[in-house]
Structure formats: structure tokens, C-alpha cells
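Asker: First the structure, which I've put down as C-alpha cells, then a few questions once you've had a look.
The values are calculated or read from the model by the stated rules, or taken from the named source; none is laboratory data. Please read these numbers as outputs of a predicted model, since none were measured by experiment. Cβ: placed from backbone, ideal geometry, glycine included. Neighbour counts: every protein chain shown. The area values use the complete protein model at the heavy-atom level, side chains included, leaving out ligands, DNA and RNA. Shrake-Rupley method; radii C 1.70, N 1.55, O 1.52, S 1.80 Å.
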Amino acid sequence: MVLKVFFPSCCSSAESGILIGRWISEQNSAVILAVVHFPFIPVQVKHYLSEVQRVTKVSVSVLGSWSHSKQQKEGSLSEFLEDLGTIFSREPWIQISKEGDSKFWSCSTLQKHSKNPKEEEVILVYYDQRKVMLSHLHPPLDTATSTDHKAEDASKLSAIFDTVAKSKILFMTDRYDDGPIKLTHWQSDGVEASIIVELMKQASVPVCMLLTFLLSLISGVCRSRVLKFWPLSFLWSKLSTCEQLGHRLQHLQVISSNKKAQNQTQLMRKANIFVSLLIDVALGMLLMSWLYRKNRIGHLADTLIPVADHVAEELQDLLQWLMGAPAGLKMNRALDQVLGRFFLYHIHLWISYIHLMSPFIEMILWYVGLSACLGLTVALCILSDIIALLTFHIYCFYVYGARLYCLKIYGLSSLWRLFRGKKWNVLRQRVDSCSYDLDQLFIGTLLFTILLFLLPTTALYYLVFTLLRLLVVIVQGLIHLLVDLIDSLPLYSIILRLCRSYRLAAGVKFRVLEQQDGKPLRLLMQVSHL
């Protein structure tokens, strides 16, 4: 059976000593957690491991010896490391040391008390202990879990993550402690590298409680999709033999299927919504402070009327251009004059409406500015509504032009069917044959000719007003796009992805480092991201 040894990469530069970790007999695997340096007293080591096992409920024990490359030439040290297997009575006894000038470490097993010792095939898997500890790929730390669930979980790779996660107290001891035991692990340089971080953690408890309460309120609004992952047992089946690993683990990527990953995804979405709300409100407060500083609302109200007058003058000039010979086109003068005067009258009504509202514009803008305290998106939506009100005449022009153009197109299509001896059957919703008399054909010909010659004038007005309406819609669309960007941008996930990508873990993948005949297969276990 293949022996799988999970070795933390942070212990590669550790001094010689003994390896402590957990032996998983169901999987024939050893999870190395730390290295105990010389000198030490075996009784103190056993007492320390018993205390760790009592607190963490993890069967932590001495699994083997570790030999640093600088001390490998000393024969007495190698013999002493082998004799430690008798003191701690561990079968099999794992020995890890460096192979000369190689950048990899050799791994072998020693079985002194076995009657039929067999040389086991060894797979040495390197893993980043810090990322595995903080990736939350392990199952929830529930002490009330049933034995059936534990037996089922023991056959999965999540047992490795569970072992590292539950051994948190083991990583609280660093090299600066005055205790009799010196350890090397991912936090051996200091717990979180600074006591200020620990003080901030203690002070942030009320803030975390408030955030939890707010996230629980948002959870009713947020609907998250349940992610389905491949089971880790699929990966573990690939670790059964050394031959299969050599061919299939080069680009093998497996995604976790435990409930912890799903809960993490749901919490991540709620955190994204909460961070978006905070940034939205913060930007809104900045906008409100900018508007009410130095009487900018008064200046904005004073600028709004001249801008409206300028827009009205430009529209009047455009209509005067259309009532003449636009781009050298010969238009129907009678219809052109009727449409031009009709739209000029609407511009006159709109200017009168704006000047009638001018005494109240500053007060309206003052109250609208207060809405920015609810968020920048609220202010942007109100701005979009204000633009719709200020360009209401352009919308009316577009509706009138579109309706007139559609009526002419509909009339031309009906008269064209009359020429072909057909008509539209309203009851059956189809075109049927029909016979017309001479008077009907004569009137239809006159109407078709009139509508056909009036169509270019109507189409030109429709085209111009459609372009104006399209310009307003583009401006409102940009505003709505900005609102959607603020509301839906996953800022928390992006920051977490840039700073601590392993917190967005979705599974693991293995990469083959070295594979040679007669030597252990060396793999690198990496945490893949969501």
C-alpha cells in the first residue's frame, strides 16, 4: 500500500529534530504539523503532545525524524535519529532528509518490530501550511458530529485540512517562547507576526457582531446559488497507486464539495453586498458634502436656466434648418412648415415651463442633494429622472415623429396590397385575395401617391428626433450602468482575491515535482481559487 506523507514547506529550513503530526491509519497517511528541535527531553515532548491532544481532540504524536542537510554528515546524529523510533515506539518510523545537493528531500520508512518488513512506496506531498490553515476547506469544527460522518470524512482529503485546522493551538508556540520545546511551523516567527494584530482582533469583536447582524438582515434579500463541486474522494482514489499518479496528477484539479465551501460562498456574496452598500453611502456623503460646500447648489441652479435656454435655441435652429432645404434635399414645403411650426410651438411651451419652475429649482435641488445621504446610486437615479424631465420635449418630438412615420408606413403597406388585389384578414390574421371596383382602385392610387411623396419629409423629421432621443437614452444608460456597477461589483471578493487569494479556496490541485524510478514521488499540493 502506498504511504502518503504530507510535509509542510515551511519546515524545509528547520533544524534537525523529530516530526510531530497525525497518523491516519484509514488512509495510510501521515500529516506532518511541526518539527521539534534539539535539545529536548522525550518525557516533556510526550507531555506536551498529550496536552495538545486533549485540547484539539486530534491524535497528535511523534511520526519520525527530520535531518537537516548541514547536519547530515554526522553519523552519530543519524543513528540517534533512528534510535528515537524506539523511544517513541512508532511504526512505521518516517525518516526525511535531504539527498546531497538535490533541492528535494528523501523520505523513507523504518519498521524495526515488524516480522515481515516490506518496503512501502512513498508519496511525499508538499503543502503550504498557512494557506491550508486559512483556506476553510476543512469541515466545520463540530464536536457533536456523528461517528458515521467521521468515518465517511476520514476517507476524503478533507481529513488533511481538518487536521491542520484543529491543530491551531499547536501553532501558538513560537521560537520566542521560554518553554522547553522549540517548534518550527508556519507561525514559528510569531503569532500573526505582531501583537498589535491580536489586540485589533480583540477590539473588533463588537464590530464583528454588528456586521453579523447586518449580514443576517441582508440574507433575506440575497439569493445565492448553490455551487456543486466534485467530491474529494475522486481525487483520493487517484492516490491509490504510484503509477496512476505519475500520469494523471500532472494537471489534476479537484473542487471541494463540503458544506463549508458553500457557506463561504454565500457569506462572500453577503459581504460583497454589504461592502457595496458601505461604499455607496460613503460616496453619497462625499457628494452631499461637496454640493453643500461654497453654495454649489445655488450656482448649479443659476446655471441650469441658461443651459435650458441654450438647448432650446439649438433646437429652434435645428427646426429652422429642417423647414428650409436640409442638406440640399427638396422637401414638401406645406408639410414641412406644418411640422416645423408644430414642434416650435412645443419648444415654446417647454421654455415657458422651465421659466415657470425657475424660482423653485434651487429648493428642489437642495432637497434632491439630501438624498445623497442614502447613497450615490440614489442620487444618480434621481439625476436620471431629472434628465428625463428636462428632455421631456425631445421625448414628445420622438413620439410624434415615430407615430406619424408608422402611420404612413402602415398606410403605404395597406395600399400596396390594394394594388395587388389583396387585403389583410383581421379575423384569420392573414392576407387574402380580394376584388376591388374601379372607384376603390382610383382612390387607393391617389392616397398611395400622396403618402409616398410625403414620406421623405416625415422620415427626415423622424430620423432627426430619433437621434436626439438616442443621445438622451445613451446618457441615461451610462448613469444606469454606473449604478449597476456600484451595486454589483464584488469589491470584497476582489480585494480578498488580490491580498489573500487562498481565502477564496474552492479545492486543491496537485503538480508533479519529481518522478524517478526507485525514489519517492514528490508532489506539490496547491489551493485552487473559486
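Asker: Listed here are the pairs 166/509; 4/509; 57/509; 57/168; 57/131; which of them are more than 20 Å apart at the Cα? Numbers along the way, then the final one.
Answerer: On the way: 166/509 22 Å; 4/509 16 Å; 57/509 28 Å; 57/168 11 Å; 57/131 22 Å.
Beyond 20 Å between Cα atoms: 166/509; 57/509; 57/131.
Asker: Can you give me the long-range amide H partners of residue 182? Hydrogens built in the peptide plane at 1.01 Å from N, cutoff under 5 Å, separation of 5 or more residues or another chain.
Answerer: Result for residue 182 returns 37.
Asker: Right, here's the next one. In whole percent, and with a 1.4 Å probe on the protein chains, what portion of the accessible area of segment 439-481 is carbon and sulfur?
Answerer: Numbers: 2230 of 2630 Å².
For segment 439-481, the apolar C and S fraction of the accessible surface comes to 85 percent.
Asker: Another question, then. Give the separation of the Cα centroids, segment 453-500 to segment 366-406, in Å.
Answerer: Cα centroid of segment 453-500 versus Cα centroid of segment 366-406: 13 Å apart.
Asker: Residue by residue through segment 324-341, which ³J(HN,Hα) values in whole Hz follow from phi under the Karplus form 6.51 cos²θ - 1.76 cosθ + 1.60 (θ = phi - 60°), with glycine and proline marked x?
Answerer: x, 10, x, 6, x, 7, 8, 9, 6, 5, 5, 5, 4, 5, 5, 5, x, 5
Asker: Let me ask you something else. Starting from the Cα of residue 481, step 7 Å along the direction of its Cβ; do the same at residue 316; then give the gap between the two resulting points in nm.
Answerer: 3.5 nm
Asker: For residue 292, list long-range residues whose amide hydrogen, built 1.01 Å from N in the peptide plane, is under 5 Å from its own amide hydrogen.
Answerer: Excluding prolines and chain starts, which carry no amide H, there are no hits.
Asker: Still on this structure, please answer the following. Within the set of other residues whose C-beta is less than 14 Å from the C-beta of residue 445, count the net charge using Lys and Arg as +1 and Asp and Glu as -1. Working shown, then result.
Answerer: Values: positive: 417, 420; negative: 437, 439.
Net charge around residue 445: 0.
Asker: Along the charge dipole of segment 461-530, which of 480, 515, 493 sits closest to the positive end, that is, farthest toward it, with unit charges on the beta carbon of Lys, Arg, Asp and Glu (+1, +1, -1, -1)?
Answerer: It is 515, whose Cα lies furthest towards the positive end.
Asker: Further, regarding this structure: Starting at the first residue of segment 276-285, write each ³J(HN,Hα) from the Karplus equation 6.51 cos²θ - 1.76 cosθ + 1.60 with θ = phi - 60°, in whole Hz, x for Gly and Pro.
Answerer: 4, 5, 5, 5, 4, 5, 5, 5, x, 5
Asker: Quickly rank 455-463, 365-373 as a protection proxy: mean count of other C-beta atoms within 10 Å, highest first. Walk me through the numbers before you get to the answer.
Answerer: On the way: 455-463: 18.6, 365-373: 15.8.
Going from most to least packed, we get 455-463, 365-373.
Asker: Another question, if that's okay. Share of Cα-Cα pairs in segment 295-492 beyond 32 Å, in percent? Please list the in-between numbers first.
Answerer: Values: 7963 of 19503 pairs.
The share of Cα pairs beyond 32 Å in segment 295-492 comes to 41 percent.
Asker: So, one more: So how far, in whole Å, is the C-alpha centre of segment 410-449 from the one of segment 504-530?
Answerer: Their Cα centres are 77 Å away from one another.
Asker: In addition: For segment 324-437, what is Rg from Cα atoms divided by 2.2 N^0.38 Å, rounded to two decimals? Provide the component values of the computation, followed by the final result.
Answerer: Working: Rg = 23.4 Å, N = 114, 2.2 N^0.38 = 13.3 Å.
Against the compact-globule rule of thumb, the ratio is 1.76.
Asker: Which ³J(HN,Hα) values in Hz, rounded to whole numbers, follow from the phi angles of segment 368-376 under the Karplus curve 6.51 cos²θ - 1.76 cosθ + 1.60, where θ = phi - 60° and Gly and Pro get x?
Answerer: 5, x, 5, 5, 5, 5, 7, x, 5
Asker: Check which residues have an amide H placed less than 5 Å from residue 64's amide H, if you skip close sequence neighbours.
Answerer: For residue 64, the qualifying residues are 19, 94.
Asker: Let me ask something additional. Determine the per residue accessible area of segment 358-419 with all protein chains present and a 1.4 angstrom probe, expressed in square angstrom.
Answerer: Details: 3460 Å² over 62 residues.
On a per-residue basis, 56 Å².
Asker: Dipole of segment 295-492 (Lys/Arg Cβ +1, Asp/Glu Cβ -1, origin at the Cα centre): which of 353, 383, 468 lies farthest to the positive side?
Answerer: The residue sitting farthest along the positive end of the dipole is 468.
Asker: Treating only the Cβ of Lys, Arg, Asp and Glu as charged (+1, +1, -1, -1), what charge dipole size does segment 295-492 show about its Cα centre? Round to the nearest 20 debye.
Answerer: It works out to roughly 1120 debye.
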